[in-house]
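S.K.: Structure incoming, see below.
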């Protein structure tokens with residue numbers, strides 16, 4: 001099994017006609033993802049990928065015609081908030097936004113609205129989701145991941161690939177990999193994804209890849225101690241990064257000194273989560289954790 | 001992106017937040033003239049984007065136009081924490097009864113804006129926040145509804161603001177919300193917001209940070225960028241859409257992706273070396289962009305080795321190789337380099353650089369170990 005996407009996912013691509021949209025649609029289809037439709041305003045009626053995928057003018061029309069139940073967004077930053085509102089209003093339950101560079105205030109409005117509508121948002125500024133052997137919604141290279149029982153959740157893009165690659169070389173397969181995105185304001189967080197992995201019978205352990213900034217890792221650590229019974233291994237990037245650009249007094253007040261790699265690692269250790277010292281150590285720590293159980 | 005106090009105050013004023021009378025001066029004689037217009041007394045404030053201006057002598061009270069001229073001469077010749085003072089704000093001196101803090105920023109956890117107030121504003125606000133958190137009050141603002149009057153009123157009550165000032169406080173809180181929304185700020189703060197001797201509220205100092213991602217719809221704000229606060233190499237990097245931060249180590253790093261760049265720097269440290277920079281070439285980087293990145297890394301004279309770690313996805317390793325080769329032909333660097341390519345077109349990329357006498361590595365650990373040894377002269 002997997003979480004969020006699988007063979008039953010009927011994926012729609014918003015921004016399918018752009019360079020990135022079409023390239024990654026090809027990749028997703030090559031990975032046997034069921035891509036049922038594309039949306040590009042003013043290109044409704046056209047077909048892409050040798051007539052395999054119909055293009056619609058709106059998400060609503062596309063969803064009505066094809067029964068799409070998830071959308072992946074490759075729309076430029078200034079149009080992406082609208083694309084997310086549109087997907088939510090077309091009642092799609094899952095939206096994955098790959099686009100980077102979306103203003104934070106737009107994301108707060110989008111996130112609040114999608115929350116009210118009960119829509120799950122992954123991203124933005126993320127590599128998307130990959131359920132090995134089943135489906136991919138996003139840009140994670142399919143050939144660096146094997147099928148297995150490790151659930152992976154990450155705030156990074158290429159760092160996630162590095163971890164997947166290390167897992168594959170160690171012979172460890174993945175149930176689902178979810179890139180939740182690196183922006184300050186984003187949709188699903190570590191806790192949301194970890195609880196899905198906890199409930200997934202085919203995930204037996206998890207890897208959490210965090211980085212400096214914010215307090216999501218600290219929150220996840222507390223959550224793991226309280227709610228998660230399956231083993232979790234964490235890695236935090238940015239131990240050598242200089243103190244981030246502080247957001248004036250108000251930022252310091254909100255974060256109360258949280259946000260450094262040291263703080264995050266301390267929080268994980270305090271919660272009984274094993275922490276890998278470097279990326280390539282993750283498979284080893286993961287194996288050790290399972291053997292101990 | 002931070003903007004100057006005088007720029008904040010101009011924005012505040014457009015949003016009906018009362019500010020002291022005053023004007024910006026770039027010369028001492030202008031300062032003198034403004035002081036005369038203000039009635040002969042004024043505060044001269046250095047306009048630099050660092051904290052602690054007051055302690056550094058960058059904020060002074062002039063009791064006469066002549067003194068104003070003299071103080072402005074001194075302040076305009078100052079460097080505060082390495083930043084030159086090009087402008088001073090000349091403002092009427094306000095008799096202060098009490099200092100308050102009022103700010104608004106993004107609450108990452110709540111995914112909503114948060115308005116923050118404290119009855120004790122001023123330079124020590126961070127100390128107050130950590131030592132007496134009970135003196136700090138916050139309210140989340142619904143991004144689709146905006147700040148409601150009752151929320152501002154509650155904040156006024158929280159800090160025991162005299163009721164006679166509530167109406168004016170609500171007006172200022174609304175103005176600050178408007179400032180924050182209309183300018184895509186990630187931070188807008190008034191510190192201190194003062195109660196003057198004659199019982200008026202006044203924004204004595206202001207600070208704003210603008211969301212870099214939103215500058216496309218605020219060309220007027222983009223023009224306010226102060227390049228003095230930025231490292232020239234960082235400014236150059238931004239032109240190419242690169243994210244670069246100079247550090248004080250000696251191993252230059254070029255990586256695609258911020259998280260991977262940090263993990264690469266961590267790996268260097270773990271092997272006993274020190275990274276010279278953070279550099280993210282971004283996704284799908286062209287050869288031109290890579291060449292620019294490479295030149296920027298090499299412009300740092302402390303560099304003893306360069307580590308290139310590319311995990312190809314959207315980014316193609318052969319394209320990166322092309323960029324590296326063109327930059328090498330251009331700059332003729334003398335420092336040794338370690339290259340690691342994985343993913344899209346890695347084999348082609350490695351083949352292209354085979355003749356450039358670079359070390360290669362299969363794993364990140366190996367790449368870090370080799371670059372540390374090379375930087376140490378091994």
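Every read-out reported here was derived from the displayed coordinates using simple, explicitly stated rules and does not represent laboratory data. Worth saying up front: this structure is predicted, and the values here are computed from it rather than measured. Cβ placement follows ideal geometry from the backbone for every residue including glycine, while neighbour counts extend to all protein chains displayed.
S.K.: Which order results if B:244, A:161 are arranged by neighbouring Cβ count within 10 Å, fewest first? Walk me through the intermediate numbers first.
M.R.: Details: B:244 24, A:161 28.
Result, fewest neighbours first: B:244, A:161.
S.K.: Where does chain A land on Rg(C-alpha)/(2.2 N^0.38 Å)? Before the final figure, lay out the partial values.
M.R.: On the way: Rg = 18.9 Å, N = 293, 2.2 N^0.38 = 19.0 Å.
Dividing the Cα radius of gyration by 2.2 N^0.38 Å gives 0.99.
S.K.: Moving on to the next point. When the Kirkwood hydrodynamic radius is evaluated over all pairs of different C-alpha atoms of the stretch B:314-378, what value in angstrom, to one decimal, is obtained? Could you put the intermediate results ahead of the total?
M.R.: On the way: mean 1/r = 0.0813 Å⁻¹.
Hydrodynamic radius (Kirkwood, Cα pairs) of the stretch B:314-378 is 12.3 Å.
S.K.: In µm²/s, what is D for the stretch A:108-192 at 10 °C and 1.306 mPa s, where D = kT/(6 pi eta Rh) by Stokes-Einstein and Rh is the Kirkwood radius from Cα pairs? Could the numbers behind the result be given before it?
M.R.: On the way: Rh = 13.2 Å.
Calculated translational D: 120 µm²/s.
S.K.: Share of antiparallel DSSP beta bridges in the stretch A:74-218, in percent to the nearest 5? Spell out each step's value before the answer.
M.R.: Details: 7 of 21 bridges.
About 35 percent, rounded to the nearest 5.
S.K.: Here's a follow-up. Rank the residues A:200, A:89 as a footprinting-exposure proxy: fewest other Cβ atoms within 10 Å of their Cβ go first.
M.R.: Numbers: A:200 19, A:89 14.
Fewest-to-most ranking of A:200, A:89: A:89, A:200.
S.K.: Quick one: P(r) of the stretch A:19-158 from all Cα-Cα pairs, 5 Å bins, percents rounded to integers, in order of increasing distance.
M.R.: 2, 10, 19, 23, 22, 14, 8, 2, 0
S.K.: Can you tell me the Rg and the Dmax, both Å, for the Cα atoms in the stretch A:128-250?
M.R.: For the stretch A:128-250, the Cα radius of gyration and maximum Cα-Cα distance read 14.5, 48 Å.
S.K.: Springs between alpha-carbon pairs under 10 angstrom, Gaussian network model over chain A: which of A:111, A:239, A:27 fluctuates most?
M.R.: Top of the fluctuation ranking is A:239.
S.K.: Also, I was wondering about something else. On a 0 to 90° scale, report how tilted helix A:261-270 is relative to the longest principal axis of chain A, with both axes built from alpha carbons and the result rounded to the nearest 10.
M.R.: Roughly 70 degrees, rounded to the nearest 10.
S.K.: Also, quick follow-up: Averaged over A:147-157, how many beta carbons belonging to a partner chain fall within 10 Å of each residue's beta carbon? List each step's numbers first, then the result.
M.R.: Working: counts 0, 0, 0, 0, 0, 0, 0, 1, 2, 7, 11.
Counting other chains' Cβ atoms within 10 Å and averaging over A:147-157 gives 2.
S.K.: Take the alpha carbon atoms of the stretch B:333-378, find their center, do the same for the stretch A:162-186, and report the distance between the two centers in whole angstrom.
M.R.: The two parts, judged by their Cα centres, are 24 Å apart.
S.K.: Which whole-angstrom value gives the distance between the alpha carbon centres of the stretch A:1-31 and the stretch A:97-132?
M.R.: Rounded to whole Å, the Cα centres lie 16 Å apart.
S.K.: Quick one: if you take sqrt(5λ) for each eigenvalue of the C-alpha gyration tensor of the stretch B:229-378, what semi-axes come out, biggest first, whole angstrom? Could you put the intermediate results ahead of the total?
M.R.: Numbers: eigenvalues 71, 67, 43 Å².
Equivalent ellipsoid of the stretch B:229-378: 19, 18, 15 Å, largest first.
S.K.: Next question. Considering only DSSP beta bridges whose two residues both sit in chain A, what percent are antiparallel, to the nearest 5? Mind showing how you got there, number by number?
M.R.: Details: 9 of 44 bridges.
Counting only bridges with both partners in chain A, antiparallel ones make up about 20 percent.
S.K.: Taking the Cα atoms of the stretch B:1-137, report the difference between the largest and smallest coordinate on each principal axis, in whole Å and largest first.
M.R.: 50, 31, 28
S.K.: Largest first, please: the extent of the C-alpha atoms of the protein assembly as shown along each principal axis, to the nearest Å.
M.R.: Rounded to whole Å, the extents work out to 77, 61, 55 Å.
S.K.: So, in Å, what gap is there between the alpha-carbon centers of the stretch A:62-82 and the stretch B:220-276?
M.R.: Distance between centres, Cα-based: 34 Å.
S.K.: Remind me, what semi-axes does the stretch A:3-92 give for its equivalent ellipsoid, largest first in whole Å, using sqrt of 5 times each Cα gyration tensor eigenvalue? Don't skip to the end; give the middle numbers.
M.R.: Numbers: eigenvalues 57, 46, 34 Å².
For the stretch A:3-92, the semi-axes come out at 17, 15, 13 Å.
S.K.: Rg and Dmax of the stretch B:63-207 over Cα atoms: what are they, in angstrom?
M.R.: 17.2, 52
S.K.: Here is a further query. If you project the alpha carbons of the stretch B:9-65 onto their three principal axes, what span does each projection cover, largest first, in Å?
M.R.: Principal extents (Cα only, largest first): 31, 27, 18 Å.
S.K.: Still on this structure, I have one more. Of B:67, B:37, B:362, which is the most mobile in a GNM of chain B whose springs link Cα atoms less than 10 angstrom apart?
M.R.: Per the Cα network of chain B with a 10 Å cutoff, B:362 tops the list.
S.K.: Quick check on the protein assembly as shown: of the DSSP beta bridges with both residues there, what percent are antiparallel, nearest 5%?
M.R.: Working: 57 of 108 bridges.
Approximately 55 percent, going by the DSSP bridge assignments.
S.K.: Right, here's the next one. Which of these, B:13, B:334, B:64, has the largest mean-square fluctuation under a Gaussian network model of chain B (Cα springs below 10 Å)?
M.R.: Comparing B:13, B:334, B:64 in a Gaussian network model of chain B, the most mobile one is B:334.
S.K.: Just round it to a whole percent: the fraction of Cα-Cα distances in chain B exceeding 27 Å.
M.R.: Working: 42097 of 71253 pairs.
For chain B, the share of Cα pairs beyond 27 Å comes to 59 percent.
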